[in-house]
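Read-outs: derived from the displayed coordinates by stated rules, not from any lab. Bear in mind that the values here come from a model prediction, so they are computed numbers and not experimental data. Here the Cβ positions follow ideal geometry from the backbone for every residue, glycine too, while neighbour counts run over all protein chains shown.
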Amino acid sequence: MQLIGYTCSYIPVELLALTGFRPYRLLHGDVDSSKRGEKFVRVDACPMVKSNLDHIFRNQNDFAALVGSTGCDMSRRMLDVAAENTRIPVLVFNNPRTDNRTIFHDEIDWLTQRLERLSRRQFNPASIQNEVTKWESMRVELRTIDERRAANPSQVSTASFHEVMTAYCQGAFDRDVSICRERADRPRVYLLGSAITYESNAILRLIEDHLRIVGDFNCGLSRALDIRIQEPTLAGIEETYYGQPPCVFKRPDRRFIDHVRDETRRLNCTGVVAWTLDYCDAYEFELRKIERTIDLPVLRIRSDFSLQGSSQLRTRIEAFVEMLCSKT
Amino acid sequence: MFEDIAPAKIGLEEWSRQFACVSDDLIRRYTYYGNNEWGIYLSPPATFMVYGARELKKLKYDNSLAALRLWGFTFNESERLFRARQNGMRVIATMGDLGTVPVIVMAFPSCIPFYPDCTWWTPFFNESTVLLDKASELGVPEASCFVRSSLAAFYKRAYFPKPEALFASTGASCDDYSALMQMVQDLGHDLTWLEIPYRRQRHEEDDPEEFCGTEQGYQYAARFDNYLANEYRRVWDKMRALTGNGDTAELKRSIRKANRLRRLVAKIKKTAGQASVAPFPALEMMVVEFGNLYGYGDIDEWTDIVEMVHNTVSERAAKGTGVLGPDAVPIAWITPTADPLLLNVAENLGARIVETEYVINQAHVEIDENIDPFLALARSFMNASLIGSTSERVRRIRDSVNQGRIKGVIISNMLGCSHCAMETRLIEEKLKDLPVLSIDVPAPMGITEQLRTRISAFMETLR
Amino acid sequence: MVLGLDVGSSYTKGVLFDGTIVRKTLIRTSFKPRQAIEQAQQELQGYARMAATGYGRELVAGAEKTITEITAFARGASYFEPSVRTIIDIGGQDSKVIKLKDGHVDRFVMNDRCAAGTGNFIEKIAQALSLSMPEFGELAVNAGRAETIDSLCVVMAETEILSLVGEGKRLEDIVAGVCDALVRRIDGIGSQIGIEEPILFCGGGPLNPGLVKSMKRVFGNVLIPADPQFVGAVGAALSV
Amino acid sequence: MKDILTPRERFGLLVIDEKPDRCNVLPLVTSHAATVKGMRLRDYYTDGEKMARAQIAALETYGHDAVSIFSEVGIIAEAMGTEFEYPENDLPIQRKPVLEKCAIDDVECPDPINDGRLPVYMEAIEYAYDALGDRVPILAYVPAPFTTGMMLSNPNKFLIQTIREPEAVGRILDKSLRAAIDLCYHIIDKGGLPLIVDPLASSSVVSPATFRRYALPYERRLVQFLHRYDLDVILHICGDTAPILELLPETRADLISIDQVSLAKTQEVLSGKMRLIGNYDTSKLAFSAAEEIAREVREMVRLGMTTKKGYIAATGCEVPVHAPIPNVMAFVNAAKESGWYWV
């Protein structure tokens, strides 16, 4: 089955699936592919964007189309670069940064039409309902895993959870994933930052050797779980995707900051792990702000993926744990 | 006295000597908002150097009265704004928008629009890390755009008065900007956000009726104009609430003023580009171009200056005189340089900049005077190259390069600037048949010998 | 009597500790941490317990406790200067800024892989200028002013510096600029958590008078402990 | 409280009638800088780089708000031919006035690049500007024509001439003015802000009538010259200026630095007209205890800050060469502490 690539949590996966192509979230990130991506963009581009470009370029025959959003500048421009370097059709969806329902509504409308044209299919209430039900039931299942992760003590590791979410983001429900149900009494932390990529599992495991991530908010991972479509119609899809907890690029950013604070409280977190990619400036700005306003210790990891597994990273994580323990 | 001087680029000391011959009457003629008490515009560049603009020591300037007025206007902005505020005028910050909101603001009596964003040049003119260091201290990542110095300026309250209202754009404009302006809002300012839609380019299969085009040939869905027009109406409402008045006839007048300025600048660019010898230096040309953003702060004076520049350029072009030799190699310059000195350096090394793409195209097109003013403003803004796809920007660059007799292209990048990071490779690729040099301006005082050598070698290949 | 070992990337530091420093030793690690550890253990005989920190801490067999440098510095700092709020350590590979609250680590940051924020930066530049470290420090402290060096990257900075040399700038002003650049970088890293006085400058950095001068220039008052290199080792000893 | 602005930004706000974070603090640290740096005085005033380095060291020690490039008021007269002697550890001493040797018409206007110790001055300004010019104003003291005129001559003879031969005095002052203007040109091109000093025009030296007739018109012409550059002009007159307070606005200077005159009285006369700089008693700086200095400075600053047009906390005259460093520190710290406008 051909894939329909997409870049952002604001793009309704149900609409993509209606095309008959498999929705595949572009969430690649590792040292090698990111280096290779420098063929298309400058070194100081987002390392995930570089990885994704490499992935798209090397697998261009797999993709029927790419759907992007204006969510962040680099990911929007990533599709410009993809369009110039491949023959894959590209659709870019206008995702307003401010509270502007009109634009969002019109753009969902546009996206729907374009997807219909692309797939030569007519979406109808029945097919829409069908698709929403399918994805919603998947999310219900994921939420139960997430609840076990959030339980105190936590029952599921985020590394495991990441594997399940990977299946979801790649539209591969049928993939076999093993869930680690190991109960953990380690310090409970919240994970923030730019996208956790498919290749980030190792770093999650490294963190979870000492800590337990019980909740997260970033461009990938559990964001999809905030999508709870009540009414299985186009309007319902629009309503839900528009109203999801705002990403860091929304202005003003108050709702984002509040959301993070509320979640860390709800989950009884004792610390925050903030993982950002190099050159992801907007996230960097917000994280610094969170660090200054939130009442929890923050472990900062900023990298272009190459930090993964380094001894410095291990030292940092261990020192963070020592710090958390000395505080309680 | 200026009539008899042959055009040349001169240094600080020569300007001081030349200035000694300027009559007191002339000095008193150019004042802030035509008001003698508030302050004068004219002084030689040395004055601003004494007040801390250290780079001025290294620069060479055009020796015309027009250029003198140009610099006077630019470097007196800070004082002018404070004086305006002291005299009861309202100072309004328009950020990240570049070219449109100030036109609305100046339709309100005693409201002065200004661009805090222009502080991004201050570290370069001052050869100083004062503002950049403060920005870091305030929590701005060091690899982000130099516009971060404007946050420090807001914090320090020494570069412009506290604005009574701020308008800031977000959306398809620039992420770093928008993150910074969020920090400005957090400092406690009354800030209104504007949504800038992404100008999605038209696809072949799209229904032609829904589409419209810009002056520069971009095609996009007509509804985007309406989104933007609505945002501008919000600016209008906000300004009305602030000032208690608001007359659309004034807005139309203000649009006419903007158009007059824009027409003049377009004529200058054209005349200068076509002249046999470069009639005006690249640095002053850049100041003129960017005046379409910040000139609204004292629009009458600025238009008068630009008019004078136009006369100077036309006269020189007609006579075939200018500031560079006839053998200077015509090139195009892409993306404005953070360091003004670089334009001077490039000229010294034999370049003549005849075409520019400073990502401020929206500020150069005329605003339609015959339709609803908000819609007209929106349409003019849709010409912005940053809000569309890179492919479109590249195409436009391509077109302009083809028209001229351009021998090479210099792309000036900034580390950490997202559009540079993403676009430069594509631009290089698409201009493959022309020699292209892509350079980085790292930071104040970053023009190293190595960078000079690179430009120099590039110019040698073009000869 | 406790043996505290701080196995760093450049030096292995050891102290024999019983509430005060009884004896100490400093050994070049030079990629042979096991050898350095053994040597330190031999030189500092007479301990009953042992604790280790530093990047090679896991290699210390028989250590009763191993802690990270961050925690060790915090403990050690409160021994040298109990009032300290911020610790700055400019190490060979890593630099860290640690904020303390009631003697415990409240927040900390480290440089990201980039060498521009570490002592390595100065060593690289000194090499490029053919200066020994003592010469470098001596020159820097006698500078009249500091040239501005702005590159965030050590490789680019090197070019920038050589170009300053080419322009005929004074060597002492250039090296002072190098120190300033490093300290400004530390300031940038530290600004993420907010640097508060009193500040303790420890590790190998304080041995370079030029760096000390830059620290004072940027941060105002900076405290330097009696044995700046042994803060981590003492901290380790204090942990058991 | 920690400074929010750099001295440069602070001064910039003052001269456009805005309140800065705190008032500018400017003890007139001139040759005293040599003491701070532990340098022989002769090195300080004969070597521009050393002068600048001493100034920078002083700034790093005290944290005040400007660099003051200056050694003594004979600098122009010397470049015009008046002879000086350079003791190793004292300021230059005037030996033979040039007008004892020749007539004023034979005296040439000096070239700041070559004559006397003016090159020392130039080098110092350039060095300091290069080092700190983006954040600190570099003030370069320029003797006003009246003071230079008197240094060209035998002082007594000069004073007698003012009564008997006004025309001859006029020629001396004209030439001194030209020399001062030439010097200002060069100072500006190096990035320095000229500060006019006219100590010998003080009422402690000459009568108000002499001041009005000979000093003031030339001060005004020098100010006018600087105003063409759109620069803000500081005029410093030490000693007693009480009898000429009313005349001072006529100099058109933007900031007036005063010495032995009551600050309160000066405010009464000048508060809405000129920005005031002053005026802590420098002998106290040399001999009082630090605590007493701090207390008195706080009082002075509190009063000074009520000046309508703006105020700079300063010493009335140059900080004595050998003033104890802790005393100057006490001055600066006390002035900073009590000088806050922004809360």
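What are the aspartates and glutamates whose alpha-carbon lies under 14 Å from the alpha-carbon of D:K175, with same-chain residues fewer than 8 places away excluded?
Hits, sequence-local ones excluded: D:E78, D:D105, D:D106, D:E108, D:D111, D:E167, D:E219.
On a C-alpha basis, how far is the centre of segment B:313-328 from the centre of segment D:232-310 in Å? Whole number, if you could?
Centre-to-centre distance over Cα atoms comes out at 55 Å.
Positive end of the dipole of chain C, charges at C-beta (+1 Lys, Arg; -1 Asp, Glu), about the Cα centre: which of C:Q42, C:G117, C:C179 has its Cα farthest in that direction?
Positive-end residue among those listed: C:Q42.
Report, as an integer, the average count of C-beta atoms from other chains found within 10 Å of each Cβ along A:69-81. The partial results should precede the final answer.
Working: counts 1, 7, 1, 2, 14, 5, 2, 7, 8, 1, 2, 11, 8.
Average per residue, whole number: 5.
Top mean-square fluctuation among D:L303, D:L177, D:L200, Gaussian network model of chain D, C-alpha springs under 10 Å?
Of D:L303, D:L177, D:L200, the Gaussian network model singles out D:L303 as fluctuating most.
Tell me which DSSP H helices of chain D clear both cut-offs, 24 Å or more of axial length from alpha-carbon atoms and a mean Kyte-Doolittle hydropathy of at least 0.0.
On the way: long enough: D:166-189 (34 Å, 0.30).
Length and hydropathy pass: D:166-189.
Can you sort D:D174, B:D433, C:D6 from fewest to most other Cβ atoms within 10 Å of each residue's own Cβ?
Details: D:D174 15, B:D433 8, C:D6 32.
The order, fewest Cβ neighbours first, is B:D433, D:D174, C:D6.
Compute the longest continuous run of chain B that contains no exposed GluC sites (Glu not before Pro); treat a site as exposed when its DSSP state is not H, G, I, E or B and it has at most 13 other Cβ atoms within 10 Å. Mind dumping the intermediate values first?
Values: sites that count: B:E37, B:E204, B:E205, B:E369.
Longest site-free region, per DSSP loop and neighbour criteria: B:38-203.
Using only the Cα atoms of segment B:345-439, what do you get for the radius of gyration and for Dmax, in Å?
Radius of gyration, then largest Cα-Cα span, for segment B:345-439: 15.4, 48 Å.
Taking 7 Å along the Cα-to-C-beta vector as the label spot, tell me the A:S127-C:Q42 distance in nanometres, rounded to one decimal.
Each label point is offset 7 Å from its Cα along the Cβ direction, giving 8.0 nm.
Give the calculated FRET efficiency between A:R87 and B:E215 to the nearest 0.05, with a Förster radius of 30 Å applied to their Cβ-Cβ distance. Kindly include the intermediate steps, with their values, before the conclusion.
Values: r = 31 Å, r/R0 = 1.03.
Plugging the Cβ-Cβ distance into 1/(1 + (r/R0)^6) gives 0.45.
For chain D, what class follows from the C-alpha gyration tensor (a ≥ b ≥ c being the square roots of its eigenvalues): rounded when a/c is under 1.5, otherwise prolate if a/b is larger than b/c, else oblate?
Working: a/c = 1.63, a/b = 1.33, b/c = 1.23.
Prolate shape, in that a/c is at least 1.5 and a/b is the bigger ratio.
Run down the aspartates and glutamates and flag those whose C-alpha is under 13 Å from the C-alpha of A:K289, throwing out any fewer than 8 positions away in its chain.
The qualifying aspartates and glutamates are A:D253, A:D258, A:D281, B:E137, B:D186.
Using unit Cβ charges (K, R positive; D, E negative) and no other charged atoms, how large, in debye to the nearest 20, is the dipole of the protein assembly as shown about its Cα centre? Can you show the working numbers first?
On the way: 160 positive and 183 negative charges, 298 e Å.
Magnitude of the dipole: close to 1420 debye.
Kindly flag which residue pairs out of D:K190/D:K273; B:K60/D:K190; B:K270/B:K319 have an alpha-carbon separation exceeding 19 Å in this structure.
Details: D:K190/D:K273 30 Å; B:K60/D:K190 16 Å; B:K270/B:K319 16 Å.
From D:K190/D:K273; B:K60/D:K190; B:K270/B:K319, over 19 Å: D:K190/D:K273.
Name the trypsin sites (Lys or Arg not before Pro) in segment B:56-144 that are in a loop by DSSP and that have at most 16 other C-beta atoms within 10 Å, would you? Numbers along the way, then the final one.
On the way: sites: B:K57, B:K58, B:K60, B:R69, B:R80, B:R83, B:R85, B:R90, B:K134; in loops: B:K58, B:K60.
Qualifying residues, ordered by number: B:K58.
Taking only complete DSSP H runs, can you tell me which helices of chain C stretch 24 Å or more along their own long axis by Cα positions and average at least 1.0 on the Kyte-Doolittle scale? Before the final figure, lay out each step's value.
Working: long enough: C:171-190 (28 Å, 0.78).
Span-like helices here: none at all.
I'd like the antiparallel share, as a percent to the nearest 5, of DSSP beta bridges with both residues in the protein assembly as shown.
Values: 35 of 132 bridges.
Of all bridge pairs located within the protein assembly as shown, approximately 25 percent are antiparallel.
Determine one quarter of the surface area of the Cα convex hull of segment B:333-401, which equals its mean projected area, and express it in nm² to one decimal.
5.9 nm²
Determine the equivalent ellipsoid of segment C:110-223 by diagonalising the alpha-carbon gyration tensor, then write out the semi-axes as square roots of 5 times the eigenvalues, largest first, rounded to whole Å. The partial results should precede the final answer.
Values: eigenvalues 95, 49, 30 Å².
So the three semi-axes of segment C:110-223 are 22, 16, 12 Å.
Given B:K9/B:K269; B:K156/C:K101; B:K407/B:K430, which pairs have Cα atoms separated by over 26 Å?
Working: B:K9/B:K269 19 Å; B:K156/C:K101 30 Å; B:K407/B:K430 15 Å.
Where the Cα-Cα span goes over 26 Å, the pairs concerned are B:K156/C:K101.
Let me make sure I get this right: for the protein assembly as shown, a, b and c are the square roots of the gyration tensor eigenvalues over alpha carbons, sorted descending. Under 1.5 in a/c it's rounded, otherwise prolate if a/b > b/c, else oblate. Which is it? Numbers along the way, then the final one.
Values: a/c = 2.11, a/b = 1.33, b/c = 1.59.
Since a/c reaches 1.5 but b/c is at least a/b, the shape of the protein assembly as shown is classed as oblate.
Given the options A:Q170, A:Q155, A:Q129, state which has the largest fluctuation in a GNM of chain A using a 10 Å cut-off (strictly under) for Cα springs.
Looking only at A:Q170, A:Q155, A:Q129, the biggest GNM fluctuation is shown by A:Q129.
Counting alpha carbon pairs within less than 8 Å and at least 6 residues apart, what relative contact order, in whole percent, applies to segment C:110-223?
Working: 133 pairs, mean separation 36.3, N = 114.
Value for segment C:110-223: 32 percent.
Most mobile of C:I70, C:I189, C:I21 per a Gaussian network model of chain C (Cα springs, under 10 Å)?
Per the Cα network of chain C with a 10 Å cutoff, C:I21 tops the list.
If you put +1 on each Lys and Arg Cβ and -1 on each Asp and Glu Cβ, how big is the dipole of segment C:131-240 around its Cα centre, in Debye rounded to 20? Mind dumping the intermediate values first?
Values: 8 positive and 14 negative charges, 33 e Å.
The calculation lands at about 160 debye.
Using the structure shown, select from A:K327/C:K32; B:K238/D:K2; C:K65/C:K216; D:K157/D:K265; D:K50/D:K96 the pairs with a Cα to Cα distance greater than 31 angstrom. All intermediate terms of the calculation are to be shown ahead of the outcome.
Working: A:K327/C:K32 35 Å; B:K238/D:K2 37 Å; C:K65/C:K216 35 Å; D:K157/D:K265 34 Å; D:K50/D:K96 27 Å.
Going by Cα-Cα distance, A:K327/C:K32; B:K238/D:K2; C:K65/C:K216; D:K157/D:K265 fall outside the 31 Å limit.
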